[in-house]
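These notes concern the structure reproduced below.
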Amino acid sequence: MVKAYVHGYNFLEKRRLEDQAKTLVDILHSDTFYPAGSKILEVGCGVGAQTITLASKSPNASLLSIDIFKESIKEARKKIESRGLSNVQFQCADIFNLDLEEESFDHIFVCHVLEHLSQPFNALAILESLLKVGGTITVIEGDHGSTYFYPDSEAAQKAIQCQVELQKRKGGNANIGRELYPLLNDVGFSSISVSPRMVYVDSSKPELVEEFTINTFTAMIKGIREPSIAEKLISRAIFDEGVKALYRTTEKDGVFCYTFFKAIGTKLQRE
Ligand SMILES: C[S@@+](CC[C@H](N)C(=O)[O-])C[C@H]1O[C@@H](n2cnc3c(N)ncnc32)[C@H](O)[C@@H]1O
């Protein structure tokens, strides 16, 4: 009886420690692998945050990572070189004006890019034309409508809504995660599977408190303080109260939840 309890305890303790070690990379990329010899196009690589994971998890695949900003490409290249990865080439290019051969990639990867585009359907249609028949596209996007936390705070929700509104005014969509299935379906991808990836954070996961709640989400909201106030979306006092409430969720009894959506679609031969 006692022995079973001890075993059970050890098992649960091991699970707890494994859970604690979980990072955003595990949540988003535990199943991102590409076969040896395959050609991958990463679109909108930015400064290479995902490129490192893609390149190191699929060392025998070759990547072409593109971004519209030269400076980001420079930074991404530096990151990849500093880690000794040699399976990535970079190119400065606009999704809407690519000089790449049709049906020349085995897989395409897009992360946190569609949310910034006013024509996500057109972008996906272009990318579909670059995929070989039988190839897949992987798209990961967030959805700010999926944000909830404890203690709840109306001010924090209002501050988050400022981000949604500002992005909308720039032609983007901060709630695009929920639209991945219809978008991929409308473009003509087959066998689409969308998996919600919830980032659940409480104080038993200090890495996620630091990496996600503080350094990713709250930092992003803090970054829109001035434009939100300048565009009269919110008062200074409510915005600051909202940010304070987001920090409050990182305390011992606080909880923060956000959901990313990871969609994978396949290009099949059209009839
Ligand atoms: C939020 S960042 C995401 C970067 C990276 N994928 C990641 O997950 O860390 C969006 C990136 O998309 C790039 N981007 C936006 N519009 C683009 C376009 N038309 N063509 C190529 N890249 C574009 C931006 O320059 C930026 O680096």
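Out of the helices (runs of 4 or more DSSP H) lying entirely within region 176-257, which hold 2 or more residues that are farther than 26 Å from Ser118 by Cβ and open to solvent by 30 Å² or more (accessible area, probe 1.4 Å)? Full working, then the answer.
On the way: elements: 180-187, 219-222, 225-230, 236-248.
Helices (runs of 4 or more DSSP H) meeting the threshold: 236-248.
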- request: Pairs only if they're at least six apart or on different chains, beta carbon under 6 angstrom, first in region 47-63 and farther than 15 Å from Lys262 by Cβ, second more than 15 Å from the ligand (Cβ to nearest atom) and of a type in the set (A, V, I, L, M); list them, first residue then second.
  value: Ala55/Leu85; Asn60/Ala36
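Select from region 64-97 the residues that are within 16 Å of Leu54 (Cα to Cα) and more than 21 Å from the chain's Cα centre (by Cα) and list them in ascending order. Break it down stepwise before answering.
Taking region 64-97 as the starting set, the residues that turn out to be within 16 Å of Leu54 (Cα to Cα) are 64-67, 73, 76-90.
Lys78, Glu81, Ser82, Arg83, Gly84, Leu85, Ser86, Asn87, Gln89 - these are the residues of region 64-97 that are within 16 Å of Leu54 (Cα to Cα) and more than 21 Å from the chain's Cα centre (by Cα).
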message: Quick check on my filter: what residues within region 176-201 are acidic (Asp, Glu) and closer than 23 Å to Gln163 by Cβ?
response: Glu179
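The values are calculated or read from the model by the stated rules, or taken from the named source; none is laboratory data. Since the structure is predicted, the reported quantities are computational estimates derived from the model, not experimental observations. Counting neighbours? That spans all protein chains shown, and the Cβs are built from the backbone with ideal geometry, glycine included. In case anyone asks, the SASA skips ligands and DNA or RNA and just uses the protein heavy atoms, side chains included. Shrake-Rupley method; radii C 1.70, N 1.55, O 1.52, S 1.80 Å.
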